[in-house]
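Notes follow once the structure below has been shown.
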Amino acid sequence: MINLLSDERKDDIRAARANVIILRYMAIILLALIFISGALYVSYSLLQVTMKSNKEIIASNDVKADIYSETRQEVDTLSAKLNDAKTILNQEVRYSQVLVQIGQLMPAGTVLDEMTLTTASFNGAPVELTAYAKSTTEVSALQSQFQSSPLFSQVTLKGTDTSNGITGYPVKISLTVIMNRTGV
């Protein structure tokens with residue numbers, strides 16, 4: 001076949017074909033941009049809805065947290081008061097327990113006559129004790145029992161008197177002791 005078309009016409013046909021291909025590519029790119037824009041719009045809308053619901057949840061949790069923070073403050077205050085009460089109770093000296101411990105220290109043949117306990121007695125103030133014994137042997141036993149006890153930090157024998165005893169216990173004993181708070 002003989003090509004009877006002019007060169008100019010051939011160039012126009014080639015240009016027209018190239019323009020059609022370029023138009024197709026532009027249409028495909030335009031459709032892709034529309035699809036991507038739609039996907040971004042849907043994603044953005046979903047994120048906005050999620051963000052709004054999360055903000056509402058955070059706001060309701062903040063209200064709940066405020067209620068719990070007030071309760072927490074009350075609990076902390078109460079705990080501090082209980083700790084103060086515990087400290088005070090731990091410092092309290094139960095005189096009945098002290099007397100039982102002293103009674104357990106007394107050797108056979110001795111009786112306790114007089115003793116004055118105050119809170120100062122457990123803060124290093126000396127305490128005067130008067131006891132009676134059947135013989136002078138029990139005096140040394142009483143003194144050694146008191147000295148070996150953690151209840152007393154210092155025990156001093158002031159004296160004994162064999163003329164001022166009571167019935168059955170002729171020896172009067174005078175002691176000065178310093179109470180030990182940790183031994184109570």
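Numerical summary
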quantity	calculated
Exclusive hit being outside any strand (DSSP E or B) and more than 26 Å from the chain's Cα centre (by Cα), set Ala85, Ala131, Ala80, Ala39	Ala39
Residue in region 168-183 that is surrounded by 13 or more Cβ atoms within 10 Å (Cβ to Cβ), in contact with a Lys or Arg (Cβ under 8 Å, 6 or more places away or on another chain) and part of a loop (DSSP other than H, G, I, E, B) present	yes
Residues that are touching a residue at least 24 places away in the same chain (Cβ under 8 Å), more than 34 Å from the chain's Cα centre (by Cα) and part of a helix (DSSP H, G or I), drawn from region 88-120	Gln101, Ile102, Leu105
Residue, modelled with the lowest pLDDT, within region 77-113, restricted to residues that are among the hydroxyl-bearing types (Ser, Thr, Tyr) and under 19 Å from Glu128 (Cα atoms)	Tyr95
Answer residue from region 117-164, given it is under 19 Å from Tyr95 (Cα atoms) and of a type in the set (Ser, Thr, Tyr) and is surrounded by the most Cβ atoms within 10 Å (Cβ to Cβ) among those	Ser121
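The values are calculated or read from the model by the stated rules, or taken from the named source; none is laboratory data. Everything numeric here is computed off the predicted structure, so don't read it as measured data. Cβ: placed from backbone, ideal geometry, glycine included. Neighbour counts: every protein chain shown.
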